[in-house]
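Note sheet for the following structure.
The values are calculated or read from the model by the stated rules, or taken from the named source; none is laboratory data. This one's a predicted model, so the numbers in the text were calculated from it and none came from an experiment. We place every Cβ from the backbone using ideal geometry, glycine too, and count neighbours over all the protein chains shown. Note: areas computed on protein heavy atoms with side chains; ligands, DNA, RNA excluded. Shrake-Rupley method; radii C 1.70, N 1.55, O 1.52, S 1.80 Å.
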Amino acid sequence: EDRIRTALSAGSVGVWQWNLQSGLVSVDAEVAAFLGPSWSGKDQVARELLHLIDPHDRPKLLDAIRRTISAGKPLGIEFRVRRSEHDIRWIAVRGAAIGPKGKIASRGARATLLSGVAYDVTDQKVNLTRTDALLREVSHRSKNLLALILAMARLTARDAADVKSHLKDFTLRVAGLSASQDLIVASDWQSVDLATLALAEIGAVARTSADRVAVSGPPVSLTPEAAQTFGMVLTELALNAVEHGALSAAMGEVRLSWEFPTDEPICISWIETGGPPYVADGPKGYGTSVVERFSSQGLKLAVQASSDVDGLKWTLSGPLANIGARRERA
């Protein structure tokens, strides 16, 4: 018995017993610790124990006890114990009905005791709750991504000259979206470094021309939502630069930078040099619409495009709080 109790204690498992004739419940030190300071002693009336159990869990516990006593079925249930107003623990109980001769009572036999073990499963319950929340979030985000990809496919096809160009542009856009998603997942949906995102997006779209894009700016962390949206903006800017802008010319270059002219607003600049002239009054394609709409509506930043003899310049500016926060340098 001592060895068994030592093993149970080592596993944080407690022993309990309910005398059905006297109505008293006996628990060892482990179970008493689970129940908290409200449990004043080892032997108390069962009614006192029921008062500690969450009201929502009492009916199912009583039903399980009745089945164990009447049908001889093993007792196995988990319920919440309110140790105090703000301290709720999940307790797992396993047990059996015992007859007058000290053996497990079979169906229809008279039971004099309920006896078993109990252990704290609060951590497991919390982890399960977090996992369920995460799965719901993954499902929600997956549906949004599928809708986004479908819209992307339709709009890319609308502006494509032929099937080959449609497949090429669509593949690069999906690659850019995948790059931002990889970083968001790697950060556990917390925050994404702006420079890391920019390099990943440009590398996914510009590929061999990515080394002609210079990226610089102070450390900034983007929210997951802003990272996805800004990633799509960068994808379109890079794709346009590769097909029509600076990166389509042998000597063309791009500089992506951001700064804080004052304490709070951020100013992000995409400047192309050495490429073909930018036609500001030309028809707007899918890429231009994405940059303008996602910048203003998604990121809530003001967007402006201009061009001169040197090349194209896109500027996004507005409150940093709309997309993330500054970080200290490592």
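Rundown of residues vs (1) farther than 30 Å from Ala29 by Cβ; (2) at pLDDT below 80; (3) among the aliphatic types (A, V, I, L, M); (4) within 29 Å of the chain's Cα centre (by Cα), yes/no style:
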site	(1), (2), (3), (4)
Ala92	no, no, yes, yes
Val117	no, no, yes, no
Gln124	no, no, no, yes
Ala161	yes, yes, yes, no
Thr171	yes, no, no, yes
Ser187	yes, no, no, yes
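Of all residues in region 66-76 being touching a helix residue (DSSP H, G or I) at 6+ places or on another chain (Cβ under 8 Å) and open to solvent by 20 Å² or more (accessible area, probe 1.4 Å), which is modelled with the highest pLDDT? Before the answer, list the steps.
Taking region 66-76 as the starting set, the residues that turn out to be touching a helix residue (DSSP H, G or I) at 6+ places or on another chain (Cβ under 8 Å) are 73-76.
Restricting the remaining residues to those that are open to solvent by 20 Å² or more (accessible area, probe 1.4 Å) gives 73-74, 76.
Details: Lys73: 87, Pro74: 91, Gly76: 94.
So the residue we want is Gly76.
Can you find even one residue in region 257-269 that is in contact (Cβ under 8 Å) with a residue 24 or more places away in the chain and farther than 23 Å from Pro219 by Cα? Among the residues of region 257-269, not one is in contact (Cβ under 8 Å) with a residue 24 or more places away in the chain and farther than 23 Å from Pro219 by Cα, which makes the answer no.
The requirement of being open to solvent by 20 Å² or more (accessible area, probe 1.4 Å), assigned to a strand (DSSP E or B), out of contact with any Phe, Trp or Tyr (no Cβ under 7 Å at 6 or more places or on another chain) and basic (Lys, Arg) is fulfilled somewhere in region 85-100, by at least one residue. For region 176-211, the set of residues classified as among the charged types (D, E, K, R) and touching a residue at least 60 places away in the same chain (Cβ under 8 Å) consists of Asp193 only. Residue count for region 1-38, restricted to those that are under 18 Å from Leu50 (Cα atoms), in a helix (DSSP H, G or I) and without any contact (Cβ under 8 Å) to a residue 60 or more places away in the chain: 3. Where helices (runs of 4 or more DSSP H) fall wholly inside region 105-214, the ranges with 3 or more residues that are among the charged types (D, E, K, R) and within 30 Å of Phe34 (Cβ to Cβ) are 122-159.
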